1. Using 0.36 nm per residue, how much length does the chain from K68 to K104 gain when fully extended, once their Cα-Cα distance is taken away?
2. Percent of Cα-Cα pairs more than 28 Å apart in the range 512-682, please.
3. Most exposed first by the Cβ proxy, i.e. fewest other Cβ within 10 Å, how do K450, K365 rank?
4. Taking a temperature of 20 °C and a viscosity of 1.002 mPa s, what whole-number D in µm²/s does Stokes-Einstein yield for the range 4-140 with Rh from Kirkwood over alpha carbon pairs?
5. What is the extension gain from T366 to D473, computed as 0.36 nm multiplied by their sequence separation minus the C-alpha to C-alpha distance, in nm to one decimal?
6. Suppose R0 equals 51 Å. What FRET efficiency, 1/(1 + (r/R0)^6) with r the Cβ-Cβ distance, do L636 and Q243 give to the nearest 0.05?
7. State, in angstrom, two size descriptors of the range 5-81 derived from its alpha carbons: Rg to one decimal place and Dmax to the nearest whole number.
8. How much FRET efficiency would the formula 1/(1 + (r/R0)^6) give for E146 and L30, where r is the Cβ-Cβ distance and R0 is 51 Å, rounded to 0.05?
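Since every read-out is calculated from the coordinates, none of them should be taken as a lab result. Being a predicted model, the structure only gives us computed values, none of them experimental. Every residue, glycine among them, receives a Cβ derived from its backbone with ideal geometry; neighbour counts consider all protein chains shown.
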Amino acid sequence: MYFSSREKKIINYMIDYHAGISVRELQQLLNVSKRTIYREIVSLEKTIQPLDIKIIKPRGRGYRLVGKEQDFKELKKSILEESPSFLDNIQRQSALTARLLVGKKGLSIDDIAELFEVSQTTVANDLDTIKNILLEYQLCLEKNSENYLRVIGEEDKRRQILTSLIYKEVTEFHFFDYLHQLEADRQEDHLDHYLLNVIDSSSLILAKNIILMYSGKVFSNVTDSQLQQVITILAVSIDRMVQGQIIDTPADEMFDVTLEVQGISRRILDFVQVEKNVTISKSEYHFLANQLSGINYKLPQNIFLKNFNVELSYHVREFVRLVSLESRIDFRQDTTLFYDLLAHLSAALQRNSTFIFLDNNLFLKTIIDEYHELYVAVKNSLKKVFSKIKFSQDELAYIVIHFATSLEKHSDPPALSVLVLCSNGIGTGKILKNRLLKNIPVIDKIKVAKLSEMKHLNFKEFDIILSTIFLPDFNLPYKIISPLLLDGEIQELKEMLQEKAVPHTAKIEKSADADFTVIYERMRIANNILENFRLANVEAEESLEQTLYNIVNELEDLVVRDVQNVTEAVIQRYKIAPLGVPGTNFALFHSANPWVKEPFFSIFHLDTSFIITGMDQQAIQLNRLLLMLAPDPMTLNEQTILGKISSSVIENDLSTETYRNGNQNDIYQLLSTLFINELKELD
């Protein structure tokens with residue numbers, strides 16, 4: 001009994017979806033037309049006829065299978081025992097590439113033809129395609145004296161391509177479900193995936209346990225998609241190291257990564273070294289660190305921290321400004337969008353160097369179609385701000401998701417509790433959350449969860465469960481929705497939730513005393529900054545360093561305990577990264593250190609200009625010096641207030657112009673407005 005790959009999927013969906021699965025749901029899951037679904041079902045009815053199993057469709061419900069239990073066992077056995085079949089050339093070529101990348105002995109053309117049940121002519125065509133792709137990554141497909149085909153080239157490139165193939169072909173749900181089944185030792189139920197099977201199961205389990213259990217909260221903010229990527233590259237690396245296939249690229253040829261990420265890499269591989277009794281080279285540590293650099297960790301949002309990237313911060317602000325101009329939608333006031341983009345683009349610039357993208361994501365193509373004007377604005381603006389970087393279409397779509405999330409923001413009155421299980425990452429989940437809140441007023445609470453978090457959720461807390469994909473073996477009632485939540489689906493959900501809506505009493509999450517304490521403290525800090533603020537004319541010395549010393553010296557009785565140490569700290573921070581605001585005459589000099597008594601901000605107008613480097617790496621004529629000082633350590637309230645000032649410097653054209661040419665009263669009013677708006681947000 002023969003089943004195509006698509007027929008296998010349809011059968012499995014019908015078996016798992018006990019209440020029936022609609023044509024529309026099958027279309028979404030398989031990404032095919034309604035006509036194709038009907039044709040496949042007719043074909044399936046004929047194929048399973050000998051088993052005395054029937055496909056039925058009750059009026060108003062979906063397709064499902066009916067028959068005796070023994071017949072269902074025979075059907076499942078037939079599906080599992082079959083040789084893997086492939087829907088298209090791309091899947092077959094991906095599977096063949098993976099086997100060639102990991103094979104020691106190699107494969108003959110006869111082996112490949114038998115394995116994939118195709119002709120030798122087809123094999124030859126596939127090999128030509130694969131050979132050209134491998135050459136792009138400095139890998140060669142060669143035939144040895146025994147006519148066995150092997151991949152020759154650097155180990156790091158080999159691992160990157162294999163990881164990319166698995167990442168592209170395996171959905172997040174199937175990936176984590178596969179890992180769960182491996183740990184449960186339910187081998188008869190394993191996902192029979194032609195790519196995951198090239199990695200030893202023990203390597204996959206170890207990689208998962210290290211990342212999810214032994215890395216603390218390092219990966220708590222990353223998406224399922226990125227988690228899958230990290231686990232896969234680690235599992236592939238473990239597998240290869242155990243086989244004696246090590247990376248021999250000199251460590252000094254690796255890309256620069258932060259000390260923090262290098263530390264994460266070392267902790268992970270130290271654990272591997274103990275568990276697998278393998279020797280870890282310096283190049284292996286650097287390779288994993290490069291891969292981890294492409295993950296969207298939550299970046300520091302405090303300008304005073306040493307690893308805060310001032311230059312990238314400026315580029316992101318400029319990027320948001322250009323998108324706002326082209327799309328005619330002002331995104332510049334959305335601080336959440338700014339910091340989300342800062343984290344994403346920091347990781348994306350690393351991914352551009354270390355991760356091989358294979359664009360083939362139908363969901364992301366849907367994002368581009370749905371938000372096409374926004375996509376064009378993002379694409380054009382990225383070209384202007386990051387002109388030397390080539391972004392893949394998938395990467396562009398993920399960046400569009402951040403703007404789409406901002407666009408959909410809206411708050412509405414509460415009522416019901418909803419869980420959204422999202423396979424495409426937290427960015428997509430935010431879009432769904434905002435669209436639900438915007439269009440369905442009866443919703444009180446929305447929890448967006450990753451598939452990897454399912455085992456830790458208390459489903460009883462939610463009135464309804466929504467999922468962007470089909471969930472095999474999930475027994476609670478839930479509704480499948482598209483990642484973009486189409487208008488028709490919104491209407492269906494409105495009707496469904498309206499029936500469940502009941503009067504409720506809002507929960508008080510914070511005490512009045514706690515709120516008052518925070519408001520009072522921020523008012524006190526803001527008031528002290530305003531009282532000490534001044535715009536002063538200063539006679540410049542021969543050097544900028546000496547000028548800074550003179551300025552700080554004037555603050556000794558006011559906020560500075562040690563003039564020499566504070567000046568050195570400010571100068572050191574200036575040397576780490578360019579501070580000049582492009583297209584202006586000013587720069588924001590700043591430092592947090594133990595020799596500062598309290599938060600301070602003032603502006604000093606110089607009688608002579610100094611040439612310094614701007615955040616865009618272009619020179620500017622500095623004659624207005626913005627100085628921000630803070631104690632170390634800082635309280636959260638101090639960070640928040642000073643963060644408002646630093647963000648406002650390049651937040652919009654009006655603020656920038658005020659700092660550039662405004663008088664003391666103009667800037668005082670700008671600061672007052674910033675602080676008042678911050679306090680209103682607490683109200």
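1. Numbers: separation 36, 0.36 × 36 = 12.96 nm, distance 4.60 nm.
Gain on extension, K68 to K104, equals 8.4 nm.
2. Details: 2808 of 14535 pairs.
More than 28 Å apart: 19 percent of the Cα pairs in the range 512-682.
3. On the way: K450 20, K365 15.
Ranking K450, K365 by Cβ neighbours within 10 Å, fewest first, gives K365, K450.
4. Rounded to a whole number, D works out at 123 µm²/s.
5. Working: separation 107, 0.36 × 107 = 38.52 nm, distance 2.77 nm.
Difference between extended and current length: 35.7 nm.
6. 0.55
7. Cα radius of gyration and Dmax of the range 5-81 are 11.8, 35 Å respectively.
8. On the way: r = 42 Å, r/R0 = 0.81.
Once the sixth-power term is evaluated, E becomes 0.75.
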